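Each reported figure results from applying straightforward, stated rules to the coordinates on display, with no laboratory input. These figures come from a predicted structure and were not determined experimentally. Note that each Cβ is placed from the backbone with ideal geometry, even for glycine, and that neighbours are counted across all protein chains shown.
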Amino acid sequence: MAKKTTKKKAATPKQKRSFGLSKQNKILLGSVIMLFAIALFFSFTSFYFTWQDDQSLLSEFANRNEQAKNLLNKFGASIGHLFLYKGFGVASFVFPVLLFLSGLTLFFSLPKKGLVKKWIWGLIFILWFSVAFGFFAEKWPLLGGLVGFEMNDFLQDYTGKIGVLLLLIFGLIFILVRLFKFTPESTLQYFKQKKAALTDELNNSGDDENSSANATSKQTAETVEEATVEETPVVVDTYTHKEEIPPIEKEEVPANDGFEVTVAEDEENVEESLNIEVEKITEEKEEIDNLADKLVDDFGEFDPTLELANYKFPHIDLLDQHGAGGGITINQEELEENKNKIVETLKNYKIGIAQIKATIGPTVTLYEIVPDAGVRISKIKNLEDDIALSLAALGIRIIAPIPGKGTIGIEVPNKNPSIVSMRSVIASTKFQKAEMELPIAFGKTISNETLVVDLAKMPHLLMAGATGQGKSVGLNAVLTSLLYKKHPAEVKFVLVDPKKVELTLFNKIERHFLAKLPDSEDAIITDNAKVINTLNSLCIEMDNRYELLKAAMVRNLKEYNAKFKARKLNPNDGHMFLPYIVLVIDEFADLIMTAGKEVETPIARLAQLARAIGIHLIIATQRPSVNVITGIIKANFPARIAFRVTSKIDSRTILDAQGADQLIGRGDMLYTQGNDVIRVQCAFVDTPEVEKITGYIGSQRAYAEALLLPEYVGPDDSGTSIDNNIADRDKLFREAAEVIVIAQQGSASLIQRKLKLGYNRAGRIIDQLEAAGIVGQFEGSKARQVLVPDMLALDQLLDNEKK
Ligand SMILES: Nc1ncnc2c1ncn2[C@@H]1O[C@H](COP(=O)(O)OP(=O)(O)OP(=O)(O)O)[C@@H](O)[C@H]1O
């Protein structure tokens, strides 16, 4: 019993949830519905007595001077008229009943189960009664209502009076069988039970009369009969299938409810216990977080820029204005002239223009036209050459239609193009306020907006264009943008320049911003053989970074660095702040021609995998032929820039669309990062400007050396032994041993950091230390055990070796 009561208590929250309303709201809504049901009931009842008097007032609802006789005045009269007269007649009384039940259910938050069923049966009742009254009481239309009358009329037109009668009988049977579970057997059983009850009564009276302990054999036989009669319902039940359902259901419904409630409670109980477990887990998490929080509280967030805390970003005055300060001069005459020529040319081909609009950009002006209705777009597109001829201008490009605008664009070069200075794009608010990882200001679009994109999202960039069309300037613009926005700790460049002259200016910022192979003198790579090593080294760096990301359980560099800054990653486990690495390759075609597969494979690997760990590639090429820009490379470089090229085929190779062959050169470019191709005027940054910027940065305090990439041991150099051969030991073996013994921690990354070595070299030294018995065996993610307790012991050990 006690169990049952607790179950009932717990059931209430479930019921509450079932309506999705708060308890108060349910009470309010429930009472409104119940009161409305009562109002309906009174209106309906009163309507039968007052309808004749009130009928004339139905159209006077808004008239305050008129009063109806209905108990609920004009409201009652109108609603009664609607339901009883125009609706279902006397059957409409079911409505207030159903509404009242619904209101009651809400008011007391009763289970809504069965309510829908009541409404369905209620409506079936209403229909049946309405038709039945319409049929049997045709003379009293208020009994069946207009619906009953019309439905009768309709049915009789098709089935006649007998047909309607049969339909009504079927309806009645349907209700009896489905709702009251009426069957011949159950009726029979009902009568049998009645009969048994009667005989029982008779017997009882007989027993009373005799009141003797001696029962006759007849009587025993009768009692046996009685017993069987009493048991028969059960036997019949199992035999007659559905008939027994009504008594069983009626009996079991409350029990069923009870069971459902139990299930609900049990679930809730389980949830509750789960909640408790979850709370425990969060507590544990908080503890871990607290450790990091404490560190952050004590030392502040890790600041990667701390080593060069006084680093000053280059200032805007290092860049030139280039002419009129980037402003665009609008030549009204030129505009008119071009507009007229476009209109005339199209007119010659019987293409009418409904509207024309011009947007003046730095190098080209976009004329947007809306052709007359019915003009085919392809027709205008085919006239490209004719329009170019009549405008006597190079570099006309037709965009039909302009994506997302529903107009056709004709780009016509300006007679006096204005230079977009790097200064103007760097100073733009769009660039200054760009919340991007690696923001790049390319230049200005046709509508004079600064185009700022995130290299980290591209994630790699392919640049192509014929010689002298602005590629090198474009590369400089990219690098300049990053120099203006990023601290030396945040980004490093790996520069590959086979032409040996284009990127040399960046030598000055080697110790700030460049990364190089260990033991190489120049940070800027000009030798193709070294490019292969560098690319492979970057692949190793990529793999190392993936390992670190895996250990830190993060998905990308941004998350990793954020976690490191929050001091949630322990530097002693090899974790460190990882800068972005931007690999720039100028003249990629030259590289592919000389090194072929050897460079293609690591480039493809980097392009496919390096995005998450912050290595981004920028590849520039003069010759955008398919053997240079292979399928694999193209597939991994969705962001592409095309400067002017010489043929449509080249344009297709770069952009998968034509148009780059119609550019006008001098930094006029098309940019795509997927589908849309945007025309942009590349920002112009001259060599002296780059020199000034690199000079400004180079003159500041720098790191001890450029970022060292992992050492790559080519296939020829491989096979280093890890025997305890003193002669083969690394030059820095002793220093490394000292570092390890002092720190009492045998990790390769410690050697890497302290001695500024590549990963491979540090790994080799660790192997040699193991062979010498200074550190223990490799133990997975844990640091190796240091077997030498102090410096004295180390000196002894190494001295003994020499003897
Ligand atoms: N954005 C620009 N705005 C104005 N002029 C430009 C722009 N870009 C390039 N130019 C002009 O075009 C010339 C050639 O540019 P750049 O040296 O970048 O070409 P390139 O494509 O690198 O050629 P190459 O492949 O031979 O090195 C520049 O000296 C400059 O005068």
>> Quick check: pseudo-label points 7 Å beyond the Cα along Cα→Cβ at residue 501 and residue 67, how many nm apart are they?
In response: 10.9 nm
> If you project the alpha carbons of segment 422-708 onto the principal axes, what extent comes out on each, in Å, largest first?
Replying inline: 57, 43, 35
> Ranking 420, 496, 788 by Cβ neighbours within 10 Å, fewest first, what do you get?
Replying inline: 788, 496, 420
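How much length, in nm to one decimal, is gained on full extension between residue 150 and residue 138, taken as 0.36 nm per residue of separation minus their Cα-Cα distance?
Gain on extension, residue 150 to residue 138, equals 3.2 nm.
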> Residue by residue through segment 63-68, which ³J(HN,Hα) values in whole Hz follow from phi under the Karplus form 6.51 cos²θ - 1.76 cosθ + 1.60 (θ = phi - 60°), with glycine and proline marked x?
Replying inline: 7, 6, 7, 8, 10, 8
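Report the calculated FRET efficiency for residue 687 and residue 295 (r = Cβ-Cβ distance, R0 = 35 Å), to the nearest 0.05.
E between residue 687 and residue 295, to the nearest 0.05, is 0.15.
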> Full extension from residue 785 to residue 21: what is 0.36 nm times the residue separation minus their Cα-Cα distance, to one decimal in nm?
Replying inline: 268.7 nm
>> What does the extension gain come out to for residue 331 and residue 726, with contour length at 0.36 nm per residue minus their alpha carbon separation?
In response: 134.2 nm
> Using the per-residue mean of other Cβ atoms lying within 10 Å as a proxy for protection, in what order, highest first, do the peptides 621-630, 356-365 fall?
Replying inline: 356-365, 621-630
> If you place +1 on the Cβ of every Lys and Arg, -1 on the Cβ of every Asp and Glu, and leave all else neutral, what size is the dipole of segment 332-413 about its Cα centre, to the nearest 20 Debye?
Replying inline: 400 debye
> residue 581's amide H: which non-local residues (gap 5+, or another chain) put their own amide H closer than 5 Å, with H modeled 1.01 Å from N in plane and none for Pro or chain starts?
Replying inline: 492, 615, 616
>> Within segment 348-363, list the residues whose amide N lies under 19 Å from a label point set 7 Å along Cα→Cβ of residue 415.
In response: 358-363
> By count of other Cβ within 10 Å, fewest leading, how are 78, 520 ordered?
Replying inline: 520, 78
> Using the count of nearby Cβ atoms within 10 Å as a rough guide to exposure, how do 109, 22 rank from fewest to most?
Replying inline: 22, 109
> What distance in nm separates the simple spin-label points at residue 487 and residue 795, each placed 7 Å from Cα in the Cβ direction?
Replying inline: 4.1 nm
>> If I model a spin label at residue 565 and residue 676 as a point 7 Å from the Cα along the Cα→Cβ vector, what separation in nanometres do I get?
In response: 3.0 nm
> Alpha carbon centre of segment 475-527 versus segment 545-610: separation in Å?
Replying inline: 17 Å
> Given the pairs 312/485; 731/802; 558/692, which span a C-alpha to C-alpha distance of over 22 angstrom in this model?
Replying inline: 558/692
>> Need one word for segment 11-180: rounded, prolate or oblate. Basis is the Cα gyration tensor (sqrt eigenvalues a ≥ b ≥ c); a/c below 1.5 gives rounded, then a/b vs b/c decides.
In response: oblate
> Where does the charge balance sit around residue 701 when Lys and Arg score +1, Asp and Glu -1, over other residues with C-beta under 11 Å from its C-beta?
Replying inline: +1
> Which shape class applies to segment 330-476: rounded if a/c is under 1.5, otherwise prolate when a/b exceeds b/c and oblate if not, where a ≥ b ≥ c are the square roots of the Cα gyration tensor eigenvalues?
Replying inline: prolate
